[in-house]
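Asker: The structure's right below; bear with me while I get my questions together.
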Amino acid sequence: MKSNKKYKLGFLFSHPTQYHTPFFRHLAKDADIDPTVYFCTTWGVHEKLDPGFGKAYKWDIPLLEGYRSVFLNNYSPLPRPNFFGQMNFGIINELRKQKYDAFVVHGYTGFTNWVAFVGCWMTRTPLILQGEADLERKRGTAKLALKRMILSALFKNADAFFYTYGLNKKFFKFYGVPEEKLFFHPCSVDNAFFESRARALGSDRVTLRKDLGVKNPELPAVLFSGKFIPRKRVRDLLMACAKLS
């Protein structure tokens, strides 16, 4: 850490999310860090149809307040958070102009992510790769071999990695990342927000359950927060509830 100036740090994300916004706000308050977050799409900022939710929505919390953010021009004909839905060539010019001390790229599954990798190498900007992948998903031998060849080459040319949990660390090590390049960056939540909401709701269990439509105050209630799609494992929760006495 340089003591005579702020550490200039850039981030690249596909779109603003309610998960990462509190972290960016917190980071912006650090006296030693000057962060800028680049987004590839406006997904989630404006109301749009989400196939997973089966309805149009936008988040009910401010996603862009409290930190510096930039929306890159997106040249994709179908802008969305998938590989070809993010085509933001301007990230190279940003890296050239801003001269970041380090640049954090979230994942590798967007076209712009790969543009950013090239941009970091061209401008000699230290590249930090952040991810949440693991090895649990089974793939065919040919796909696994191709993926291992591509990712091993990519990871060899990154300067550091943020892993979020144990299986994520195993994922990076499987593709050749040495221990000294791995740094723990856990998933986190905005504790202050949830604590304030809990205080606002109060501790009157009977009234709260009544407001939620649970008519019998003694009936067990189980909360699920997420989309009703297979990868969220809703069926597992239902099967577990069925085994309750």
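Asker: I'd like the Karplus ³J(HN,Hα) series for the range 142-158: coefficients 6.51, -1.76, 1.60, θ = phi - 60°, whole numbers in Hz, and an x wherever there's a Gly or Pro.
Answerer: 5, 5, 5, 5, 5, 5, 5, 5, 5, 5, 4, 5, 4, 5, 5, 9, 9
Asker: Mind putting a number on the dipole of the range 27-106 about its Cα centre? Charges go on the C-beta only, +1 for Lys and Arg and -1 for Asp and Glu, and I need it in Debye to the nearest 20.
Answerer: On the way: 9 positive and 9 negative charges, 63 e Å.
The dipole of the range 27-106 has a size of about 300 debye.
Asker: Taking H as built 1.01 Å from N, whose amide H comes closer than 5 Å to the amide H of K8, not counting residues under 5 places away?
Answerer: D34, D101
Asker: Next up: Express in nm, to one decimal, how much length is gained between E218 and R233 on full extension, taking 0.36 nm for each residue of separation and deducting their alpha carbon distance. Before the final figure, lay out each step's value.
Answerer: Values: separation 15, 0.36 × 15 = 5.40 nm, distance 2.66 nm.
Here the answer is 2.7 nm.
Asker: Ok, one more. Would you kindly state how much longer the chain becomes between Q98 and V206 on full extension, computed as 0.36 nm times their sequence separation minus their alpha carbon distance, in nm to one decimal?
Answerer: Values: separation 108, 0.36 × 108 = 38.88 nm, distance 5.54 nm.
Roughly 33.3 nm would be gained on extension.
Asker: Beyond 15 Å, how much of the Cα-Cα pair distribution for the range 139-221 remains, as a whole percent? Could the numbers behind the result be given before it?
Answerer: Values: 2448 of 3403 pairs.
For the range 139-221, the fraction of Cα-Cα distances above 15 Å is 72 percent.
Asker: Okay, next question. Using the heavy atoms of the protein chains and a 1.4 angstrom probe, tell me the accessible area per residue for the chain in square angstrom. Don't skip to the answer; put the middle values down first.
Answerer: Numbers: 16100 Å² over 245 residues.
So the chain comes to 66 Å² accessible per residue, rounded to a whole number.
Asker: Right, another one. Between 0 and 90 degrees, rounded to the nearest ten: what's the tilt of helix 191-201 against the longest Cα principal axis of the chain?
Answerer: Roughly 20 degrees between the two axes.
Asker: Run the numbers for K243 and Q18: contour at 0.36 nm per residue of separation, minus the present Cα-Cα distance, in nm. Could you put the intermediate results ahead of the total?
Answerer: On the way: separation 225, 0.36 × 225 = 81.00 nm, distance 3.35 nm.
Fully extending the segment from K243 to Q18 adds 77.6 nm.
Asker: Placing one identical point scatterer on every Cα of the chain and ignoring solvent, what is log10 I(q)/I(0) from the Debye formula at q = 0.07, 0.10, 0.16 Å⁻¹?
Answerer: Treating every Cα as an identical point scatterer, log10 I(q)/I(0) equals -0.31, -0.62, -1.36.
Asker: Relative to the Cα centre, what is the charge dipole magnitude of the range 1-147, using +1 at the beta carbon of each Lys and Arg, -1 at the beta carbon of each Asp and Glu, and rounding to the nearest 20 debye? All intermediate terms of the calculation are to be shown ahead of the outcome.
Answerer: Values: 20 positive and 12 negative charges, 83 e Å.
The dipole of the range 1-147 has a size of about 400 debye.
Asker: Computing the accessible area with a 1.4 Å probe over protein heavy atoms, can you report the carbon and sulfur percentage for the chain? Could the numbers behind the result be given before it?
Answerer: Details: 9340 of 16100 Å².
Taking all protein chains in place, the chain shows 58 percent carbon and sulfur surface.
Asker: How big is the charge dipole of the range 72-172 about its Cα centre, in debye rounded to the nearest 20, if each Lys and Arg gets +1 on its Cβ and each Asp and Glu gets -1 on its Cβ? Write out the running numbers ahead of the final one.
Answerer: Details: 14 positive and 6 negative charges, 69 e Å.
About 340 debye.
The values are calculated or read from the model by the stated rules, or taken from the named source; none is laboratory data. All values reported here derive from a predicted model rather than from experimental measurement. Every residue, glycine as well, gets a Cβ built from its backbone with ideal geometry; the counts of neighbours run over all protein chains shown. With ligands, DNA and RNA removed, areas are computed over all heavy atoms of the protein, side chains included. Shrake-Rupley method; radii C 1.70, N 1.55, O 1.52, S 1.80 Å.
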